[in-house]
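Take a look at the structure below.
The values are calculated or read from the model by the stated rules, or taken from the named source; none is laboratory data. This one's a predicted model, so the numbers in the text were calculated from it and none came from an experiment. Note that each Cβ is placed from the backbone with ideal geometry, even for glycine, and that neighbours are counted across all protein chains shown.
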Amino acid sequence: MTRIGIIGAGHIGSALARGLVDRGYDVVISNSRGPASLTPLVSELGPNAEAATAAEAAAAGDVVIVTVPLKAYQDVPVEPLAGKIVLDTNNYYWERDGRIPQLDQKQATTSGLLQEHLPLSKVAKAFNHILASEILTDGRPAGDADRRALATSGDSDEAVALVTALYDEFGFDTVNVGPLKDSWRVERDQPAYVVRQTREELTENLRRATR
């Protein structure tokens, strides 16, 4: 059984924790306030979930999800994530995160910044353009004509394949945007951002993206 570390226990982190436990994964989840603050959540999730510090979640996970406000991405522990697949849900909200010149000037992507921070990890974008409330409710069986699609992006084929398999477990089709340098196509304010779309519609929305 794969153990998933989750760094960040906000709406998306908590929804993913619930979905992963329901699908038979062990989850080690952390937040910035410390393990004690997560007691109600892990009690709800049951014996396959435990609370930890960010460093402990990073070390414990075979795969680790980073779902923190973008302004805190440099606080993500580096050493325990070396060699691991890291799924990045982050989005840039300058109103919350403050101005990040590299993003304002279209010289970087949110996931690219995390990859730079984690040079020995394999970062892939995942679950960034769906509302947290829809992660556990919008999935449909494979082959459903109206099955929702989500995008991923990464420089590692292994990481992209893992996201694709995970999306399928949650009931979503996958569209691969390509390398992290192209992941801006599914960032905030682009046509594919937080709208319900099939694989064909997502492919078209990614094509329509402008920078």
Looking at (1) of a type in the set (D, E, K, R); (2) closer than 19 Å to Ala159 by Cα; (3) over 16 Å from the mean Cα position of the chain (by Cα), can you tell me which one Lys84 breaks? (3)
Options Val66, Val28, Val42; residue that is touching a helix residue (DSSP H, G or I) at 6+ places or on another chain (Cβ under 6 Å), among the aliphatic types (A, V, I, L, M) and closer than 17 Å to Gly5 by Cβ: Val28
Looking only at region 92-133, and only at residues there that are acidic (Asp, Glu) and surrounded by 14 or more Cβ atoms within 10 Å (Cβ to Cβ), the one that is farthest from Ala161 (Cα to Cα): Asp97
Residues (under 11 Å from Leu150 (Cα atoms) and surrounded by fewer than 20 Cβ atoms within 10 Å (Cβ to Cβ)) located in region 175-185: Asn176
Which pairs do you get when a residue that is closer than 19 Å to Asp22 by Cβ, found in region 157-170, comes within reach of a residue that is of a type outside the set (Asp, Glu) and assigned to a helix (DSSP H, G or I), reach meaning Cβ atoms under 8 angstrom, with the pair 6+ apart or on two chains? Phe170/Gly19; Phe170/Ile135
May I ask you to list the residues in region 1-28 that are part of a helix (DSSP H, G or I), farther than 17 Å from His129 by Cα and either at pLDDT below 95 or touching a strand residue (DSSP E or B) at 6+ places or on another chain (Cβ under 8 Å) (or both)? Ala17, Leu20, Val21
Hey, among Arg188, Arg140, Arg147, which residue is under 15 Å from the mean Cα position of the chain (by Cα), surrounded by fewer than 22 Cβ atoms within 10 Å (Cβ to Cβ) and outside any helix (DSSP H, G or I)? Arg188
Under the condition of being among the β-branched types (Val, Ile, Thr) and surrounded by 13 or more Cβ atoms within 10 Å (Cβ to Cβ), which residue from region 196-211 is farthest from Ser133 (Cα to Cα)? Thr203
Just need a number here: residues in region 46-91 that are among the small types (Gly, Ala, Ser), surrounded by fewer than 17 Cβ atoms within 10 Å (Cβ to Cβ) and assigned to a loop (DSSP other than H, G, I, E, B). 3
Return only the number of the condition from (1) buried (at least 17 other Cβ atoms within 10 Å of the Cβ); (2) within 24 Å of Gly8 (Cα to Cα) that Ala165 does not satisfy. (1)
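Answer yes or no as to whether Ser37 is of a type outside the set (D, E, K, R), within 21 Å of Pro69 (Cβ to Cβ) and surrounded by 14 or more Cβ atoms within 10 Å (Cβ to Cβ).
Judged against the criteria, Ser37 is not a match.
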Pick from Asp173, Asp189: which is free of Cβ contacts under 8 Å to residues at least 40 places away in the same chain and under 25 Å from Leu20 (Cα atoms)? Asp173
